[in-house]
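The block underneath contains the structure these notes are about, expressed in structure tokens.
The values are calculated or read from the model by the stated rules, or taken from the named source; none is laboratory data. Quick caveat: nothing in here was measured; it's all calculated off a predicted structure. Quick reminder, even Gly has a Cβ in these numbers, built from the backbone with ideal geometry, and neighbours come from all protein chains shown.
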Amino acid sequence: MSAAALLFLVLAGLGAGLVGSIAGLASLISYPALLAIGLPPVMANVTNTVALVFSSGGSVLGSRPELGGQATRLRRLGVVAVLGGVIGGLLLLITPPGAFERIVPWLIAFASIAILVHRRPQEVQWGDRRGDAIGLSVGVFLVAVYGGYFGAAAGVLMLALLLASTRESLARSNAVKNVVLGLANAMAAVIFIFFSSVQWSVVAPLALGCLAGGRLGPVVVRHAPARLLRIAIAVAGIGLAIHLGIDAYR
């Protein structure tokens with residue numbers, strides 16, 4: 001691989017890690033980059049999933065202040081995310097990637113709009129009450145399955161779910177999203193490593209950029225105006241939904 005290609009992948013990983021840890025749209029940058037260097041779609045998908053494990057690792061490192069006091073929630077949601085990621089990864093190996101292509105744009109658009117709905121952090125956190133915690137866990141499981149299977153804007157879906165369910169701030173919800181979705185992605189990556197074809201020469205430079213970008217993202221979320229970030233995430237998500245919708249329905 002040429003030096004220019006290596007630099008291109010590092011920069012793509014940097015952008016993907018940064019965007020992924022802030023808005024959950026990492027694949028919007030990393031997946032097209034893998035296609036651009038000549039990887040076929042399925043190999044690009046599984047290689048991308050493996051590389052994005054490093055983005056999640058960087059995001060978790062950068063999110064440590066916001067993760068304080070959320071250990072119980074993380075343990076509960078982490079378990080269902082792991083299970084969902086395993087199932088999603090297996091589904092990708094046995095079903096056609098286009099199985100959900102018509103419903104995905106609507107899910108992303110709905111989640112993007114939901115992110116704009118602001119609730120005060122001091123309101124009742126229904127996601128932490130026993131009965132409603134089950135509903136939140138089910139929602140996290142379904143998003144984790146989707147993340148392991150297809151992945152596009154899974155972070156937007158997870159962030160919207162957490163913001164609506166826990167009444168936490170954007171920064172604290174984003175930190176939980178990074179951990180939970182990172183676990184789901186890691187489980188899918190393990191499956192792909194053993195049962196699919198990963199282009200390891202591409203993973204290394206992309207992962208390096210993802211790690212750095214993922215580490216920087218939580219710092220941006222911590223210091224940027226929350227309202228502007230919500231709008232930016234929503235606009236990016238709706239843009240992706242429109243793009244995927246055009247591809248699915250044409």
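One table, with the values for the structure above:
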{"item": "Sole residue being buried (at least 23 other Cβ atoms within 10 Å of the Cβ) and among the hydroxyl-bearing types (Ser, Thr, Tyr), chosen from SER173, SER169", "result": "SER173"}
{"item": "Single match in GLY151, GLY147, GLY127 (criterion: at pLDDT below 90, on the phi > 0 side of the Ramachandran plot and out of contact with any His (no Cβ under 6 Å at 6 or more places or on another chain))", "result": "GLY151"}
{"item": "Matching entry among LEU142, LEU206 (being surrounded by fewer than 24 Cβ atoms within 10 Å (Cβ to Cβ), modelled with pLDDT of 90 or more and over 19 Å from SER63 (Cα atoms))", "result": "LEU142"}
{"item": "Qualifying residue in segment 186-202 (condition: more than 20 Å from GLY147 (Cβ to Cβ) and of a type in the set (A, V, I, L, M))", "result": "yes"}
{"item": "Condition check for LEU39: touching a residue at least 40 places away in the same chain (Cβ under 8 Å) and closer than 20 Å to VAL10 by Cβ", "result": "yes"}
{"item": "Scope segment 51-70; condition of a type outside the set (Lys, Arg) and surrounded by fewer than 24 Cβ atoms within 10 Å (Cβ to Cβ); matching residues", "result": "VAL53, GLY57, VAL60, LEU61, GLY62, PRO65, GLU66, LEU67, GLY68, GLY69, GLN70"}
{"item": "Filtered residues of segment 1-30 (kept if among the hydroxyl-bearing types (Ser, Thr, Tyr) and without any contact (Cβ under 8 Å) to a residue 40 or more places away in the chain)", "result": "SER2"}
{"item": "Any chance ALA232 is part of a helix (DSSP H, G or I), within 18 Å of the chain's Cα centre (by Cα) and buried (at least 19 other Cβ atoms within 10 Å of the Cβ)", "result": "no"}
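For (1) aliphatic (A, V, I, L, M); (2) in contact with a Pro (Cβ under 7 Å, 6 or more places away or on another chain), each residue gets a yes or a no:
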| residue | (1), (2) |
| --- | --- |
| VAL10 | yes, yes |
| GLY24 | no, no |
| PRO41 | no, no |
| LEU67 | yes, no |
| VAL80 | yes, no |
| LEU83 | yes, no |
| LEU91 | yes, no |
| ARG102 | no, no |
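Conditions tested, residue by residue: (1) of a type in the set (A, V, I, L, M, F, W, C); (2) closer than 27 Å to LEU216 by Cα; (3) over 18 Å from the mean Cα position of the chain (by Cα); (4) modelled with pLDDT of 90 or more.
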position: GLY57; (1), (2), (3), (4): no, yes, no, yes
position: VAL82; (1), (2), (3), (4): yes, yes, no, yes
position: ALA99; (1), (2), (3), (4): yes, no, yes, no
position: ARG120; (1), (2), (3), (4): no, yes, yes, no
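Conditions tested, residue by residue: (1) aliphatic (A, V, I, L, M); (2) part of a helix (DSSP H, G or I).
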site	(1), (2)
LEU6	yes, yes
VAL10	yes, yes
GLY13	no, yes
ILE29	yes, yes
LEU39	yes, no
ALA44	yes, yes
THR49	no, yes
GLY58	no, yes
